[in-house]
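A quick write-up on the structure given underneath.
The values are calculated or read from the model by the stated rules, or taken from the named source; none is laboratory data. Quick caveat: nothing in here was measured; it's all calculated off a predicted structure. For neighbour counting, all protein chains shown are included, and Cβ atoms are generated from backbone atoms with ideal geometry for every residue, glycine included. Heavy atoms of the whole protein, side chains included, go into the accessibility calculation; ligands, DNA and RNA do not. Shrake-Rupley method; radii C 1.70, N 1.55, O 1.52, S 1.80 Å.
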Amino acid sequence: MITIERIAHLEQSTIESLHTLLSACIDHGASLGFYAPAKAYELALYWKMVARDISNNQKLLYVLYDDNEIHATVQLALCQKQNARHRAEVEKLLVHPGSHRQGYASKLMAYVESDALQQGVQLLVLDTQSGDKAEQFYHSTGYTKVGQIPYYVSDTSGQLHSTSYYYKYLATNKSSLG
């Protein structure tokens with residue numbers, strides 16, 4: 001059975017599962033800010049920072065479970081600027097490599113978008129490595145590409161890659177747009 005929840009506090013068992021998920025995605029070639037093979041201490045530090053950001057209301061963390069096992073996760077980094085609290089950045093959409101093509105990412109993002117609106121977030125922004133299969137996913141789920149920056153990230157060999165930027169306006173009443 002598939003369930004999705006927003007995590008208010010990261011328990012050690014959840015951190016361990018998320019650590020394993022992130023490591024598997026990195027080792028499978030995803031561009032997530034870490035080189036493969038992922039170093040355990042760097043991932044542990046990363047999840048410690050995520051836990052801090054959740055407790056400080058700077059991030060929302062969502063987890064998709066199938067039969068009580070974590071198969072996918074995503075985060076929303078809430079903008080802290082007074083004039084921009086209506087927007088958030090989608091970060092680290094992860095689906096376990098063994099769980100691809102099962103609709104988990106679509107289900108998770110639909111949940112996140114609905115919850116974001118309930119939290120007063122109307123605009124989501126994100127970036128992904130240009131040419132990655134994630135671009136097709138975001139386009140198919142209603143995100144609009146606004147451009148790309150060349151030479152933005154490097155791989156383990158030092159080759160530089162572009163990053164593409166996307167947004168999705170969630171609110172149904174767009175009359176407030178200027």
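Numbers at a glance
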item: Qualifying residue in the range 7-24 (condition: surrounded by 18 or more Cβ atoms within 10 Å (Cβ to Cβ), out of contact with any Phe, Trp or Tyr (no Cβ under 8 Å at 6 or more places or on another chain) and of a type outside the set (Ser, Thr, Tyr)); result: yes
item: Criterion (basic (Lys, Arg) and more than 21 Å from HIS161 (Cβ to Cβ)) met by exactly one of LYS107, LYS92; result: LYS107
item: Residues (open to solvent by 40 Å² or more (accessible area, probe 1.4 Å), at pLDDT below 95 and more than 25 Å from TYR165 (Cβ to Cβ)) located in the range 95-104; result: GLY98, ARG101, GLN102
item: Single residue of the range 62-77 satisfying the filter (over 11 Å from LEU108 (Cα atoms), at pLDDT 95 or above and not charged (D, E, K, R)) that is surrounded by the most Cβ atoms within 10 Å (Cβ to Cβ); result: LEU76
item: Members of the range 143-154 found to be surrounded by 12 or more Cβ atoms within 10 Å (Cβ to Cβ) and either among the β-branched types (Val, Ile, Thr) or within 16 Å of the chain's Cα centre (by Cα) (or both), listed by number; result: TYR143, ILE149, VAL153
item: From the options LEU108, LEU123, LEU117, residue that is under 14 Å from the mean Cα position of the chain (by Cα) and hydrophobic (A, V, I, L, M, F, W, C); result: LEU108
item: The range 133-142 - residue that is surrounded by 17 or more Cβ atoms within 10 Å (Cβ to Cβ) and of a type outside the set (Ser, Thr, Tyr) and, of those, nearest to HIS28 (Cα to Cα); result: ALA134
item: Conditions (1) under 14 Å from the mean Cα position of the chain (by Cα); (2) under 27 Å from PRO37 (Cβ atoms): number failed by TYR165; result: (2)
item: Where a residue in the range 54-70 is charged (D, E, K, R) and its partner, wherever it lies, is open to solvent by 30 Å² or more (accessible area, probe 1.4 Å) and not in a helix (DSSP H, G or I), with Cβ under 6 Å and at least six apart; result: ASP66/ILE2
item: Total residues in the range 108-132, condition surrounded by fewer than 19 Cβ atoms within 10 Å (Cβ to Cβ) and of a type in the set (A, V, I, L, M, F, W, C); result: 4
